[in-house]
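Quick notes on the structure that follows.
The values are calculated or read from the model by the stated rules, or taken from the named source; none is laboratory data. No experiment lies behind these values; they were computed from the predicted model shown. A quick note on method: Cβ atoms are made from the backbone with ideal geometry, for glycine too, and the neighbour counts reach across all protein chains shown.
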Amino acid sequence: MSDHELKQVIQAADRAITAEDFESLMDFYADDATLVVKPGLYATGKPQIQRAFVAIAAHFKNQMKVRQGEMKVIEGGDTALVIMETVLDTVDAEGADVSIVRRATYVFRKTDAGKWLCVIDNSYGTTLLDG
């Protein structure tokens, strides 16, 4: 299902993250969405999520580019589970290029108007079980 409409939604969100356009990025989230910032730390609601993305960008010295690897979408009613590889290209402390690959899980809900909104953004996927 790599041609699912959610692929384009996620690509647009990734472009907003890479451009650090966090205000526009909030259009992809439900008002009650939750972002896994890191294991054990969650941001809930658009204001917290936006602040978290600003902090994440600063953590990566404003040099992060987000892209997608393989993606699977499982739909049930107005809800979709997205399992995918998320790739974060950035630089390490010495300035060398590095790519971080995660097997992410996302939950989307379709609005009555037919728009998909992210309600759970978990770029760590099942590795949350490891710690």
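Per-structure values
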{"quantity": "Residue in the stretch 39-53 that is closer than 22 Å to residue 4 by Cα, assigned to a strand (DSSP E or B) and at pLDDT 90 or above present", "calculated": "no"}
{"quantity": "Matching residues, the stretch 22-33, being in a strand (DSSP E or B) and hydroxyl-bearing (Ser, Thr, Tyr)", "calculated": "29"}
{"quantity": "Residue count, the stretch 17-33 (criterion: of a type in the set (S, T, N, Q) and crowded, with 19+ Cβ neighbours inside 10 Å)", "calculated": "0"}
{"quantity": "So residue 68, is it under 19 Å from residue 12 (Cα atoms), assigned to a loop (DSSP other than H, G, I, E, B), touching a strand residue (DSSP E or B) at 6+ places or on another chain (Cβ under 7 Å) and polar (S, T, N, Q)", "calculated": "no"}
{"quantity": "Residues that are at pLDDT 95 or above, in contact with a strand residue (DSSP E or B) (Cβ under 8 Å, 6 or more places away or on another chain) and not hydrophobic (A, V, I, L, M, F, W, C), drawn from the stretch 104-131", "calculated": "105, 106, 109, 110, 111, 121, 122"}
{"quantity": "Scan of the stretch 93-112 for residues that are out of contact with any helix residue (DSSP H, G or I) (no Cβ under 8 Å at 6 or more places or on another chain) and either under 30 Å from residue 77 (Cα atoms) or surrounded by 10 or more Cβ atoms within 10 Å (Cβ to Cβ) (or both), ordered by number", "calculated": "98, 99, 100, 101, 107, 109, 110, 111, 112"}
{"quantity": "Search result, residues across the stretch 36-66 that are more than 24 Å from residue 129 (Cβ to Cβ), touching a helix residue (DSSP H, G or I) at 6+ places or on another chain (Cβ under 6 Å) and in contact (Cβ under 8 Å) with a residue 40 or more places away in the chain", "calculated": "65"}
{"quantity": "Single residue of the stretch 73-131 satisfying the filter (at positive phi and in a loop (DSSP other than H, G, I, E, B)) that is nearest to the chain's Cα centre (by Cα)", "calculated": "114"}
{"quantity": "Options 36, 9: the member that is in a strand (DSSP E or B), buried (at least 16 other Cβ atoms within 10 Å of the Cβ) and modelled with pLDDT of 95 or more", "calculated": "36"}
